[in-house]
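Here's the structure, in structure tokens; my notes come after.
The values are calculated or read from the model by the stated rules, or taken from the named source; none is laboratory data. Since the model is a prediction, treat every value here as computed from it, not as a measurement. Every residue, glycine among them, receives a Cβ derived from its backbone with ideal geometry; neighbour counts consider all protein chains shown. For accessibility, only protein heavy atoms count, side chains too; no ligands or nucleic acids. Shrake-Rupley method; radii C 1.70, N 1.55, O 1.52, S 1.80 Å.
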Amino acid sequence: RTHAPTHPRTHAPTHPLHPPPHPAHPFTQPAHPLLTGTSTTALALDAIDHVHLCAPQASFKLSDTLRDAWAKAATLAATSSVEALRFLHMQPLLCASALTALGVCTCVYWLFGRLARIWGVTLLAVTAYWSAGKLLGRAKAFGISDETTDAIYSRLHGLMAPLVCSQIVALRSVFVKFGQYISGRADLIPPEWATALQRLQDDLPPCGTGHVSSVLSRELGCGALRSVESPPLASASVAQVHCGYVECASLAADRLEAASSSQPSADGKAVRCAIKVQHKGVASLMQKDMVSARRIARLLRHLRPSYAPLVVVLEAWEREMYKELDFTHEARNLDIVHANLRKAQLPAIVPRPLLASKRVLVMGFVDGFKITDDEALAVHGVDREALMCRIVQVYAQQLFLDGFFNADPHAGNVFVRVAGGEAPNRPSSHNLSRRRARTKARN
């Protein structure tokens, strides 16, 4: 019995690119069709013709150019697939070993990839500067000038600072905190490092809106916030800050006075606020990364004994770090500092907490710009000397008189507010000394 062929090509290939059939060996099993020597170009052309012939009612007709382009694309894909299958068929043990090694490497990177990145960046930076110091120290014996040495170090700073900063942004956690502190010490670090690390103050990648919504609903419940704006105003080491409106009905009686200074909504039933939301998983990351941070500090102390105080400072800061992860502590601190500065009659604005939980802090919204924004300072005509005097007064009051102060004074945490579009008059530089004299007299 025979069947009439449904398509001429299924009966006998007529395309000139088809090779002659391979004779089968009598003692071998028939090979897989994809592992034979059939021309992939012929297969691609057959597929295109087959589609065209099986759909004669189609309103378009394949041109020769389009047909050739599709044939080349199909040839490339088919060739890659055939070669991969052929290699797997011929080298099964080697392929199994390669796949096993790839799986092991993936597991190792998943388990220790963060640790490898931390130490990789650390050793790269330490090795680069240690080698440069050794080489330039020997080069001075051959008469190299100080200008050349400074130029070489400047080039090294320009290469290492962006690299280290990008890795800190990827790692986040405690390393962002270290970078924020260092970025504010332009008197200690080169300008290339200060410029690169300024990004860490308030310009880190934020978490998604899904995380923000879930944390707000879990920590504050439904109905407390009327709206939350996205994207966030700023994103730093521990949290990100959004604008929004909080319902006055959800506030306690002692918080209504604090909310009265914020901008009300159109209906007067909500006030504008700043919402601080903790990053996802930052608490566990900071606890784990402190181990690496202590070991890095000990390595630096071993290489250069002048870095020994870094270990002491790090251990002291670790004890306070865990309090920073609980925003209820920050809410109490805001109230204490506000009361102290109000009692001292110093013109400083401290945001008032409205709602607080462990991972969410809602504060009254205070508008302003960063203290390092030269353009905004010039536009509003701010007297920079007067501004500096006020900052010194406020911090001297906290440090020397109250004994309770903001220990994270980088530029992302100190804003300038201009009332009515004009900078206020210069404060008296003698007020603080008179208050301190009165305090000594009482003691």
How many residues are in a helix (DSSP H, G or I) and either open to solvent by less than 50 Å² (accessible area, probe 1.4 Å) or closer than 16 Å to residue 280 by Cα (or both) if we restrict to the stretch 167-186?
13
Give the residue that is farthest from residue 232 (Cα to Cα), with candidates limited to residues of the stretch 260-282 that are hydrophobic (A, V, I, L, M, F, W, C) and buried (at least 17 other Cβ atoms within 10 Å of the Cβ).
270
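Output the residue which, of all residues in the stretch 362-384 that are closer than 26 Å to residue 182 by Cβ and assigned to a helix (DSSP H, G or I), is most open to solvent (accessible area, probe 1.4 Å).
Result: 375.
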Checking residue 233 against (1) assigned by the TED database to the domain that holds residue 317; (2) among the hydrophobic types (A, V, I, L, M, F, W, C); (3) open to solvent by less than 10 Å² (accessible area, probe 1.4 Å): exactly one of these is not met. Which one?
(3)
Considering each of 325, 285 in turn, give the residue that is open to solvent by 40 Å² or more (accessible area, probe 1.4 Å), modelled with pLDDT under 90 and within 22 Å of the chain's Cα centre (by Cα).
285
Condition first: in contact with a strand residue (DSSP E or B) (Cβ under 6 Å, 6 or more places away or on another chain) and either outside any helix (DSSP H, G or I) or among the β-branched types (Val, Ile, Thr) (or both). Now tell me which residues in the stretch 292-338 satisfy that.
328
Can you tell me which of (1) part of a helix (DSSP H, G or I); (2) open to solvent by 40 Å² or more (accessible area, probe 1.4 Å); (3) out of contact with any Gly (no Cβ under 7 Å at 6 or more places or on another chain) is the one residue 192 doesn't meet?
(3)
Within the stretch 290-307, can you find the residues that are at pLDDT below 85 and among the small types (Gly, Ala, Ser)?
306
